[in-house]
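Asks: Please read through the structure below; I'll follow up with questions.
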Amino acid sequence: MAKVMLREKGGTIYFYVAKKDMEETIKTIEFNDDDKFGGKVTLGNGEEWFIDPAPKKLPREVNAKRLSE
């Protein structure tokens, strides 16, 4: 698990991992509603992560699990 920061700017959602100093855009997300946001996400670099679904309140810090190498 990694702590990541999610923020939105101009309709694009950014995924930032401080330990890796990596910021990528979220290309696809499993649940993208105001009441349920998260699930499996695919980043611009092709990595896949899992975020526990929760209400969409950005910016926020969440725990995420990397699914792909």
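Asks: Lys40 to Arg60: FRET efficiency via 1/(1 + (r/R0)^6), r the Cβ-Cβ distance, R0 25 Å, to the nearest 0.05?
Replies: 0.85
Asks: Under 8 Å for C-alpha pairs, at least 6 residues apart: give me the relative contact order for segment 2-66, rounded to a whole percent. Walk me through the numbers on the way to the answer.
Replies: On the way: 142 pairs, mean separation 20.8, N = 65.
Value for segment 2-66: 32 percent.
Asks: How big is the chain by Rg and Dmax over its Cα atoms, in Å?
Replies: Cα-based Rg and Dmax for the chain come out at 10.7, 30 Å.
Asks: A further question follows. For segment 30-36, just list the computed ³J(HN,Hα) in residue order, Karplus coefficients 6.51, -1.76 and 1.60, θ = phi - 60°, integers in Hz, with x standing in for Gly and Pro.
Replies: Using θ = phi - 60°, the values come out as 5, 10, 10, 10, 5, 8, 9 Hz.
Asks: What distance in nm separates the simple spin-label points at Glu30 and Thr12, each placed 7 Å from Cα in the Cβ direction?
Replies: Roughly 2.6 nm, to one decimal.
Asks: Also: For the chain, give the magnitude of the charge dipole about the Cα centre (Cβ charges: +1 Lys/Arg, -1 Asp/Glu; no others), in debye to the nearest 20. Show your work: numbers first, answer last.
Replies: Values: 13 positive and 13 negative charges, 37 e Å.
Computed about the Cα centre, the dipole is about 180 debye.
Asks: Taking H as built 1.01 Å from N, whose amide H comes closer than 5 Å to the amide H of Arg60, not counting residues under 5 places away?
Replies: Excluding prolines and chain starts, which carry no amide H, the hits are Leu6.
Taken together, the values in this text are just the output of simple stated rules run on the coordinates, not laboratory data. Quick caveat: nothing in here was measured; it's all calculated off a predicted structure. With ideal geometry, Cβ positions are generated from the backbone for all residues, glycine too; neighbour counts draw on all protein chains shown.
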